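Reviewing the structure listed below.
No value in this document is a laboratory result; all are computed from the given coordinates. Source: prediction; values computed, not measured. Because the Cβ atoms are built from the backbone with ideal geometry, glycine has one as well, and the counts that use them run over all protein chains shown.
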Amino acid sequence: MDNIDSESEMLELCPPKQVLGMKVLDKSAFKKTCKIPGVKVPIKAIKHMSKCMKLSMLRMPKLKPIADLENYDPVYKSHKLFLLNPLKYKSLDDFSNEERQMFKKADVDLESFQQYDIELCYENWTASEIIPAIVKTNVSGFSIIGHIAHLNLKDEVLQYKHIIGQVLMDKNPSVKTVVNKTGQIDNTFRNFKMELIAGEDNMMAQAKEHGFTFEFDFSKVYWNPRLSSEHQRVVNEIKEEDVVYDVFAGVGPFAIPAAKSRKAIVFANDLNPSSYESLCKNIKLNKIKTEVHCSNLDGREFIKTIVKPDILKRWKNYMETGNKTNLKVVMNLPALGIEFTDTFQSLFADIDNNIKPTSSDLLPYMYVYCFTKSETPEADVKHRLESTIGSQLPDNSAIHNVRNVAPNKEMMCVSFHMPAEVLFRQKPEEGDGPEVKKRRIELEENNS
């Protein structure tokens, strides 16, 4: 019975039933009179009572929990109406002994407690309350990128897309543009098709993340604010004068903080011309003074023509001076990150033995991102990565669950020093067959 009462009370505070199925926003249809509990509090005690009862007061947008009494009320000049949480207070019996004593000291007559008629309107509900009242289902969360709200609506609510967009703009003053994703992420340039469902047709966004500013055309590049914590996690592991090779840099969420806040030497690359253009602009925008080398290449070409010669230079310098450099490779392309690691197979097979590092600390430390739908995500990504590079991961490798992307789909990050046997493995002679395939067979036999 208690559950039924609670549900009824929650429905009492919800938008009116007549808005269900609305296709064109009519704010006047949201007017509703609700019963809200309240007590009369002396004006002199308002400040004290507000502090003591802060968590028990009515909380609704654009509705002050302390209201004037009607002129006909005998105490309207000396008292205010103190509105309370209707889900917590249904009768006098719901006040604790401690609360009763507090009211008594403040000269509050609890006999004044009653249900008051309060008129609610469109402005008094949040988007998360209004949208389900219209479409009768929860709309999945949305991201805000500067002035743009980005949704990924399910098919069953597409008929309500315009009204959903309008509500989001009304309830989020900073939002001027609302878009809905209409296609899968393109793995080449990492952007996706979208449609404008409300507001201005302006895709030039400015996003803030950990004190850095990023400007870009959201319709042409990839940006996900839900990766903010992951960007920070990796950047915090970078030390001054480390060298960072960001293979799929995008507009710079790893590269720019690494260069400015960690004072690392950064090589940032992205195949998408729009991402590359924004990356270069964002370096200037954030006033980066340390070395940041930008390129607009395919990931494999970047590894072979930029990363390889620079690592060789660092190894030679170590042999000559003993100055060690930490090498970090970030591969944030979850759909294909693992596949691109095959580029490191035999990457340094042609170098002189006297240049080869003897310590694993001098080998590139990898951050490889990937997706998995496996029930055992860590085992799955480990197996796939080892199969691709043709070697077991070091014992001190780490697998981090970045976030849940969708039901039964996780984004993972595997961190490890690329094994020496992968980097220096001799290329197979002609006729020997694909080396990767041979190594995969060996690994599977060893793991069976």
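Quick notes on this structure:
- Under 27 Å from the Cα of Lys382 - lysines, other chains or at least 8 residues apart: Lys239, Lys304, Lys308, Lys328, Lys356, Lys373, Lys409, Lys427, Lys437, Lys438
- Under 5 Å, built H, 5+ apart or other chain: amide partners of Glu241: Ala264, Ile265
- Proximal aspartates and glutamates to Lys51, defined as alpha-carbon separation beneath 14 angstrom and excluding residues fewer than eight positions away on the same chain: Glu99
- DSSP beta bridges in the chain [antiparallel fraction, %, rounded to 5]: 70
- Once the C-beta distance of Ser174 and Glu378 is scaled by a Förster radius of 41 Å, the resulting FRET efficiency is 0.60 to the nearest 0.05.
- Residue of Leu196, Leu120, Leu55 that the Gaussian network model of the chain assigns the largest fluctuation, springs spanning Cα pairs under 10 Å: Leu55
- Stretching Ile46 away from Lys193 to a fully extended chain increases their span by 47.5 nm, per 0.36 nm per residue minus the current alpha-carbon distance.
- Using the Cβ-Cβ distance between Arg100 and Arg226 with R0 set to 60 Å, the FRET efficiency from 1/(1 + (r/R0)^6) comes to roughly 0.85.
- Entries of Lys31/Lys171; Lys181/Lys263; Lys31/Lys193; Lys62/Lys90 with Cα pairs more than 28 Å apart: Lys181/Lys263; Lys31/Lys193
- Under a Gaussian network description of the chain, with springs only between Cα atoms under 10 Å, the residue in Pro65, Pro15, Pro377 that fluctuates furthest is Pro65.
- Summing charges over all other residues whose Cβ lies under 13 Å from the Cβ of Val108, with Lys and Arg as +1 and Asp and Glu as -1, gives +2.
- For region 129-160, the residues whose backbone nitrogen is under 15 Å from a point 7 Å from the Cα of Arg403, taken along Cα to Cβ, are 140-146, 149-152.
- For region 1-139, Kirkwood radius (reciprocal of mean inverse C-alpha pair distance, Å): 16.5
- Exposure proxy order (Cβ contacts within 10 Å, fewest to most) of Met411, Met366: Met411, Met366
- Cα Rg over Rh - region 255-393, Kirkwood: 0.99
- Descending principal axes extents, the chain, alpha-carbon based, whole Å: 98, 50, 48
- Full extension of the chain between Glu237 and Gln18 gives 73.4 nm of extra length, using 0.36 nm per residue less the Cα-Cα distance.
- With eigenvalues of the C-alpha gyration tensor scaled by 5 and rooted, region 135-179, Å: 18, 11, 8
- Theoretical FRET efficiency, 1/(1+(r/R0)^6), r = Cβ-Cβ of Leu297 and Asn317, R0 25 Å, to 0.05: 0.55
- Rg and Dmax of region 101-197, Cα atoms only, in Å: 20.7, 70
- Computed from label points 7 Å out along Cα-Cβ, the spacing between Lys427 and Ser91 is 8.6 nm.
- The chain: most fluctuating residue of Ser387, Ser112, Ser96 per GNM, C-alpha cutoff 10 Å: Ser96
- Taking a ≥ b ≥ c as the square roots of the eigenvalues of the alpha carbon gyration tensor, region 15-67 is prolate, as a/c is not under 1.5 and a/b beats b/c.
- Only helices enter this figure: runs of n ≥ 4 DSSP H residues, each worth -39500 (n - 2.57), summed and divided by the residues of the chain, yield -8000 deg cm²/dmol at 222 nm to the nearest 500.
- Along its principal axes, region 130-277 has C-alpha extents of 55, 27, 24 angstrom, given from the largest down.
- Using bins of 10 Å that start at zero, the share of Cα-Cα pairs per bin across region 357-405 amounts to 21, 53, 22, 5, in whole %.
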